[in-house]
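**Q** Quick one: this structure, given as structure tokens, is what I'll be asking you about.
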Amino acid sequence: MRIITISNQKGGCGKTTTSINLAAALASNNRKVLLIDLDPQAHATSGLNIKADLSIYNVLSKITHKKARMDEIIQNLGNNFDIAPSSIVLSTLEQELSGEIGRESRLWDTLKNFSGNYDYILIDCPPNLGILTINAIRAASEIIIPVEASRFSLEGLSQLSSIITLVKERLNHNVDFRVLVTNFDSRLAHSFKMLEKIKTDYKNKMFSNIIHVNVKLKEAQNEGLNILAYDKYCRGAKDYFSLSREIITQENTPTPSLALEKTLEKRMKEIIKENLPKLNEITLKVNAPEAKEVYLAGEFNNWKLDDSSRMERSNGCWIKRLNLNSGKYRYRFVIDGNWTEDATNPLSQLNPYGTIDSLLEVSK
């Protein structure tokens with residue numbers, strides 16, 4: 001389970017928008033997702049038309065008259081997507097925890113004992129660096145910092161990175177952060193100038209994907225919907241879906257405890273190759289000499305990104321051999337987290353998210 005905090009003390013940078021729509025995009029990729037609204041303003045909660053008598057406050061507070069467990073407050077938003085709602089009373093928690101030992105770890109202690117079967121937990125933080133944000137950083141192993149292409153947003157990023165360092169030193173907790181450029185207006189030369197500065201300062205800490213300005217994102221919030229449910233073909237939906245795919249490519253590779261399973265899988269493939277000659281051996285290739293890693297994902301492997309779908313480098317190209325039955329298969333290459341169609345294949349098909357998948361036709 002990956003716990004990711006989404007935080008920036010500067011308001012208006014797309015923090016809650018990212019929390020809602022990234023959670024929805026991950027859920028659409030068959031990942032089970034819990035969104036925790038840790039902001040007393042409860043924008044993620046209201047932005048999804050959730051009304052609740054119990055909130056995350058009732059889980060974290062020790063003096064509330066309605067103490068609750070995490071599983072008692074969770075509400076379902078659709079397939080694979082749940083939310084732990086917030087409320088204005090959460091703003092009193094900072095004062096409640098002010099003199100308490102271990103106040104920075106209240107959320108972490110809760111999640112540590114939480115038995116929910118989730119692939120991802122996303123935490124939406126308040127726009128400040130108070131005790132709630134510290135709790136969110138302590139509970140997470142990763143942080144996404146949404147920033148606009150502006151000077152003030154960069155200053156906020158510097159302050160937050162200092163807090164992350166402080167948490168590491170004081171609480172002995174390592175957490176990795178990555179920068180996500182949001183609200184990017186490609187019509188302005190200033191946007192590109194600031195984007196280059198962000199790339200210079202945080203070269204190895206940036207997502208490849210950026211979130212462009214898109215009025216549909218605001219319209220979706222007004223309707224209480226995530227962007228994929230509101231308009232899955234708009235620019236905002238495509239941006240967040242691509243971001244989710246980039247995050248999925250960072251999922252942990254199989255641990256050594258699965259070595260036996262991988263060995264059996266390899267042997268099974270050998271048996272299939274030896275005993276089922278009706279399968280056709282197909283070779284797919286993509287030219288990406290500067291890429292660090294490339295995957296091949298498609299209907300033939302349930303769009304999974306793991307060791308079995310990793311392509312092999314060969315003289316500047318990346319190659320993958322497959323044994324397939326005759327039929328039609330949609331596929332895409334994933335080059336350093338970016339999903340792209342096969343430029344050398346003229347056969348293609350529009351997918352449900354408004355982007356193009358390459359089409360592979362295997363004859364008998």
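**Q** Take Ala149 and decide whether it is among the small types (Gly, Ala, Ser) and over 17 Å from Ile6 (Cα atoms).
**A** Details: among the small types (Gly, Ala, Ser): yes; over 17 Å from Ile6 (Cα atoms): yes.
Yes, satisfied.
**Q** Against the definition (at pLDDT 90 or above and among the aliphatic types (A, V, I, L, M)), how does Leu225 come out, yes or no? Break it down into steps so the answer makes sense when it comes.
**A** On the way: at pLDDT 90 or above: yes; among the aliphatic types (A, V, I, L, M): yes.
Against the criterion (at pLDDT 90 or above and among the aliphatic types (A, V, I, L, M)), Leu225 qualifies.
**Q** If you don't mind, another one. Check whether at least one residue in the stretch 340-358 is of a type in the set (Phe, Trp, Tyr) and modelled with pLDDT of 90 or more, and report yes or no.
**A** Initial filter on the stretch 340-358 (of a type in the set (Phe, Trp, Tyr)): 353.
The next check asks that each one be modelled with pLDDT of 90 or more; those that pass are none.
Checked the stretch 340-358: no residue is of a type in the set (Phe, Trp, Tyr) and modelled with pLDDT of 90 or more.
**Q** I would also like to ask the following. Taking Asn323 as meeting all but one of (1) closer than 23 Å to Lys238 by Cβ; (2) surrounded by 15 or more Cβ atoms within 10 Å (Cβ to Cβ); (3) among the polar types (S, T, N, Q), write down the number of the exception.
**A** That leaves (1) as the condition not met.
**Q** Since Thr133 meets every condition but one in (1) closer than 23 Å to Leu60 by Cα; (2) not in a helix (DSSP H, G or I), which condition does it not meet?
**A** In the conditions (1) closer than 23 Å to Leu60 by Cα; (2) not in a helix (DSSP H, G or I), Thr133 misses (2) alone.
**Q** Something else about it: List pairs: first in the stretch 100-123 and touching a residue at least 40 places away in the same chain (Cβ under 8 Å) and within 23 Å of Ser244 (Cα to Cα), second of a type in the set (Ser, Thr, Tyr) and assigned to a strand (DSSP E or B), Cβ under 6 Å, 6+ apart or cross-chain?
**A** Between residues of the stretch 100-123 that are touching a residue at least 40 places away in the same chain (Cβ under 8 Å) and within 23 Å of Ser244 (Cα to Cα) and residues that are of a type in the set (Ser, Thr, Tyr) and assigned to a strand (DSSP E or B), the close pairs are Ile123/Thr5.
**Q** Could you list, in sequence order, all residues of the stretch 136-156 that are outside any helix (DSSP H, G or I) and within 28 Å of Tyr57 (Cβ to Cβ)? Break it down stepwise before answering.
**A** Of all residues in the stretch 136-156, those outside any helix (DSSP H, G or I) come to 140-150.
Once the filter is applied, which keeps residues that are outside any helix (DSSP H, G or I) and within 28 Å of Tyr57 (Cβ to Cβ), the stretch 136-156 yields Ala140, Ser141, Glu142, Ile143, Ile144, Ile145, Pro146.
**Q** Take residues that are under 24 Å from Gly130 (Cα atoms) and tell me which of the strands (runs of 3 or more DSSP E) falling wholly in the stretch 1-110 contain 1 or more. Step through it out loud before you land on a result.
**A** Numbers: elements: 2-6, 33-37, 75-78, 81-84.
Result: 2-6, 33-37, 81-84.
**Q** Name every residue in the stretch 341-364 that is surrounded by fewer than 13 Cβ atoms within 10 Å (Cβ to Cβ), among the polar types (S, T, N, Q) and closer than 22 Å to Ser244 by Cα, in order of residue number.
**A** If the condition is that a residue be surrounded by fewer than 13 Cβ atoms within 10 Å (Cβ to Cβ), among the polar types (S, T, N, Q) and closer than 22 Å to Ser244 by Cα, then Gln349 is the only one that fits.
**Q** Being hydrophobic (A, V, I, L, M, F, W, C) and out of contact with any helix residue (DSSP H, G or I) (no Cβ under 6 Å at 6 or more places or on another chain) is the requirement here; does Ile211 meet it? Don't jump to the end; show me each part of the working.
**A** Details: hydrophobic (A, V, I, L, M, F, W, C): yes; out of contact with any helix residue (DSSP H, G or I) (no Cβ under 6 Å at 6 or more places or on another chain): no.
For Ile211, the condition - hydrophobic (A, V, I, L, M, F, W, C) and out of contact with any helix residue (DSSP H, G or I) (no Cβ under 6 Å at 6 or more places or on another chain) - is not met.
**Q** Identify, please: which residue in the stretch 49-82 is closer than 17 Å to Trp108 by Cα and of a type in the set (Lys, Arg) and is, among those, surrounded by the fewest Cβ atoms within 10 Å (Cβ to Cβ)?
**A** Selected residue: Lys62.
**Q** Continuing with the same structure: Which one of these is in contact with a Leu (Cβ under 8 Å, 6 or more places away or on another chain) and of a type outside the set (D, E, K, R): Asn302, Asn323, Asn315?
**A** Values: Asn302 fails: in contact with a Leu (Cβ under 8 Å, 6 or more places away or on another chain); Asn315 fails: in contact with a Leu (Cβ under 8 Å, 6 or more places away or on another chain).
After ruling out the rest, the residue left standing is Asn323.
The values are calculated or read from the model by the stated rules, or taken from the named source; none is laboratory data. Predicted model only: the values in this text are computed from it and were never measured. Neighbour counts are summed over all protein chains in view; Cβ atoms, including those assigned to glycine, are modelled from backbone coordinates with ideal geometry.
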